[in-house]
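Since the structure comes first, as C-alpha cells, the remarks are kept for the end.
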Amino acid sequence: MSTTFLNAKTTTIIIAVVVFGFSLPLSARDSVALSEADLATQWADDAEGLNQRALRENFPVLAAIIKKWHIPVPSDQINVFRIPNAILKPPEIVDPRATSIWEDFVRAREKRAEALFQLAVRSAQSHNIGPDFTQRSYQAIRLLSLVLRENPSHKGARIAGGWVQRNGLWVWPEVAQRIDKGEVWSETFGWLSRSHFNRYEDNKRYIRGMWVQASDKTDGPQRFDQSRIFFSDHWRIQSSASYKQTALLASEMEETFEIWRQVFGAFQLEPVGLERQFEGRATPTTRRSFDAVLTSNRQQYIHEMGKLEPLISQTLGIYWNPSRTSWFFEGEDRTSTTVCHEATHQLFGEMRNTSPLAGERCGFWALEAAACFMESLQRTDFGWTVGGIENGRVPAARQRLLLDDYYVPLEQLTRLGRRDFQSRDDLPPLYSQISGLADFFMTGSNGQYREAFIEYLVRIYTGSANPDTLSRLCKADYESLDRQYRRHLSQ
C-alpha cells in the first residue's frame with residue numbers, strides 16, 4: 001500500500017533544462033568508433049554551421065530554432081522528452097531558402113539519431129548481473145529517448161521502445177488494439193466505440209442503459225453507485241466526478257506513464273529482455289489497463305475507501321496494492337504531485353511481475369523514495385526535468401541533515417520493512433530524508449549509482465533484496481555512501 005499524506009511537503013520546482021546533441025554524416029565505421037562525447041562535439045560544429053547559414057540568409061527565427069535545439073547537460077537532473085509523432089516544419093518557415101536550411105537541419109538530426117541508436121543498442125547489450133554487477137539499461141533507455149527526440153520516425157528506436165504502427169503513426173500496442181476494434185479517441189470522454197463517439201459528439205449520454213440529452217447534471221459529479229468508466233491509453237478509470245475532472249486525471253496519469261518510462265524504464269525488463277527488444281527480436285506486448293478510481297469529492301473518497309483502509313482520512317490519494325487500484329478525489333486538495341506519486345507506485349507494482357510482499361521484510365524506504373523522486377519533475381519546453389537538490393522535497397532533506405542534524409544511517413534504514421518503517425514516530429523528517437537519498441542515488445556524481453539503485457528497486461519489488469543488497473550493487477559500504485550523501489546535499 002502507498003499513500004500520499006496530508007502533511008506531505010512540496011516546494012517550488014526550479015527549472016533546469018538539458019539535451020544531448022549530435023548530428024553528423026557518419027560512415028558505419030565512424031559511428032562504431034565515435035563515443036557520445038565525440039558525437040556531441042561534432043553536432044555542435046554542424047549546428048553552428050547551420051545557424052550561421054540561417055543568419056547570413058537573414059532568417060533569424062530559423063537560426064534561433066537551430067541554436068536553441070542544443071541545451072547544456074545538467075549534472076544533477078534527468079531530462080525527459082516529450083516525443084512527437086513526426087518532425088513538423090514550423091509554419092513561419094515558408095521561404096524556399098529557409099526551407100532548404102530546415103531540411104538540412106532535419107537530415108542532420110536524422111543522422112545524429114542513427115548514430116545515437118547504435119550507441120543505445122550497445123548499451124543494452126552491456127550487462128552483467130553477477131557478483132561484478134554491471135548494467136547500462138538506463139543508459140540505453142536515455143539514449144533511445146534522445147534518438148526519438150531527433151527523429152520521431154526512427155523505426156529501430158520505435159520498435160525498441162515497444163511502439164507499433166497504425167495508420168502511419170507510432171502508437172502503444174494498447175492503442176493499436178483499440179484502433180483495430182474501431183474505437184475513437186475523445187479528449188473529453190476517452191476511448192469510445194465509433195457509434196458511441198458519434199452520439200456523444202451529438203450531445204447524447206449513455207446512462208444506465210438509456211440515451212439521454214447531455215446536461216450539467218449528466219456531465220457533472222454523480223453518486224458513487226452511478227460511476228462512469230473512462231478509458232485512457234493505459235488506464236481504466238471508474239469515476240463519479242465530472243467528465244472534465246476525469247479527463248484531467250487521465251491526462252495526468254498518462255503523463256506520469258510517459259515520464260516514468262524514461263526515468264525508471266530500466267526497471268521494466270531484465271537486461272537480457274531489454275537487449276532482445278533493442279535488437280528488434282522482441283514481440284510487442286499488450287498490457288491490461290491499470291485501474292483507478294476518482295470520486296466526486298473527498299467525503300465520498302473517505303466513505304468508499306474507508307471500508308478498506310481505516311486511516312484513509314489522513315491521505316490525499318492512495319495506491320491500494322491488494323486490489324491494484326489508485327484512488328483519488330475531485331477537489332483542490334488533489335494535486336498533480338499526488339497523482340504522479342501514486343501512479344508511480346502503480347507503475348512499479350504492475351509494469352513487471354512483482355511480489356505482493358515487496359518491502360515487507362526490508363528496503364521499504366526505497367519504494368517510497370522512488371515515488372518521492374518523481375515529485376521533483378518540472379515542465380520545460382522540451383518535456384520535463386526530474387531531480388535536483390532545489391526541487392521536490394530535497395530542500396527539506398537538506399535542512400533536516402545540515403541544520404537539524406537529523407539522519408537515519410543507511411545501514412539501519414535498509415533493514416526496515418514496511419511495518420517498522422510506517423510505525424516510526426519520525427515519519428515526516430524521514431520522508432524528507434528518503435527524498436534526498438533518492439536524488440543522491442539517481443543524480444549524484446552524474447548518476448554514478450543510478451543503475452545500481454534501479455536494480456535495487458527490482459530486487460525489492462521481486463522479493464529478493466536483503467539489507468546489504470544496495471551496498472553490494474553500489475560496490476561501496478554504507479558508511480561511505482552516508483558520507484557521499486552528505487557531500488551531495490552540501491553542494
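Among the residues of the stretch 387-406, the ones that are closer than 22 Å to M374 by Cα and outside any helix (DSSP H, G or I) come to 7 in all. Restricting the search to strands (runs of 3 or more DSSP E) fully inside the stretch 123-222 and requiring at least 3 residues that are loosely packed, with under 14 Cβ neighbours inside 10 Å and without any contact (Cβ under 8 Å) to a residue 24 or more places away in the chain gives 210-213.
In contact (Cβ under 8 Å) with a residue 60 or more places away in the chain and either closer than 19 Å to L144 by Cα or part of a helix (DSSP H, G or I) (or both) - does that describe any residue in the stretch 90-107? Quick ask: steps written out before the conclusion?
First, pick out the residues of the stretch 90-107 that are in contact (Cβ under 8 Å) with a residue 60 or more places away in the chain: none.
Among the residues of the stretch 90-107, not one is in contact (Cβ under 8 Å) with a residue 60 or more places away in the chain and either closer than 19 Å to L144 by Cα or part of a helix (DSSP H, G or I) (or both), which makes the answer no.
Checking each residue of the stretch 67-76 against the condition of being at pLDDT 95 or above and buried (at least 20 other Cβ atoms within 10 Å of the Cβ) gives no match.
Taken over the stretch 272-303, the residue count meeting the criterion of being closer than 21 Å to G349 by Cβ and touching a helix residue (DSSP H, G or I) at 6+ places or on another chain (Cβ under 7 Å) is 7.
Confirm whether T256 is open to solvent by less than 60 Å² (accessible area, probe 1.4 Å), among the β-branched types (V, I, T), at pLDDT 95 or above and within 21 Å of the chain's Cα centre (by Cα). In short, yes.
Would you point out which residue out of T354, T285 is at pLDDT below 95 and of a type outside the set (A, V, I, L, M)?
Exactly one residue qualifies, and that residue is T285.
Restricting attention to the stretch 262-293, the residues that are in a helix (DSSP H, G or I) and under 21 Å from the mean Cα position of the chain (by Cα) total 11.
The lone criterion from (1) farther than 30 Å from V394 by Cβ; (2) open to solvent by 20 Å² or more (accessible area, probe 1.4 Å); (3) charged (D, E, K, R) left unmet by R82 is number (1). Listed conditions (1) assigned to a loop (DSSP other than H, G, I, E, B); (2) in contact (Cβ under 8 Å) with a residue 12 or more places away in the chain are all met by R424, apart from (2). Filtering the stretch 294-328 to residues that are within 20 Å of D225 (Cα to Cα), open to solvent by 60 Å² or more (accessible area, probe 1.4 Å) and either assigned to a helix (DSSP H, G or I) or polar (S, T, N, Q) (or both) leaves Q299, H303. Taken over the stretch 346-363, the criterion of being outside any loop (DSSP other than H, G, I, E, B) and either open to solvent by 10 Å² or more (accessible area, probe 1.4 Å) or among the β-branched types (V, I, T) (or both) is satisfied by E350 alone.
Which residue is farthest from R288 (Cα to Cα), if the candidates are limited to the stretch 232-256 and must be among the hydrophobic types (A, V, I, L, M, F, W, C) and assigned to a helix (DSSP H, G or I)? Break it down stepwise before answering.
Residues of the stretch 232-256 among the hydrophobic types (A, V, I, L, M, F, W, C): 235, 237, 241, 247-250, 253.
If we keep only those that are assigned to a helix (DSSP H, G or I) too, we end up with 247-250, 253.
Values: A247: 19, L248: 21, L249: 19, A250: 16, M253: 15 Å.
Result: L248.
Taking the criterion of being closer than 21 Å to L489 by Cβ, surrounded by fewer than 22 Cβ atoms within 10 Å (Cβ to Cβ) and of a type in the set (S, T, N, Q), the residues of the stretch 428-466 that qualify are S445, N446, Q448.
Filtered by the rule that a residue be in contact (Cβ under 8 Å) with a residue 60 or more places away in the chain and surrounded by fewer than 19 Cβ atoms within 10 Å (Cβ to Cβ), the stretch 408-421 gives P409, E411.
The values are calculated or read from the model by the stated rules, or taken from the named source; none is laboratory data. The shown structure was predicted, so the numbers you read here are calculated from the model rather than taken from an experiment. Neighbour counts are summed over all protein chains in view; Cβ atoms, including those assigned to glycine, are modelled from backbone coordinates with ideal geometry. Surface areas here come from the heavy atoms of the whole protein model, side chains and all, with no ligands, DNA or RNA. Shrake-Rupley method; radii C 1.70, N 1.55, O 1.52, S 1.80 Å.
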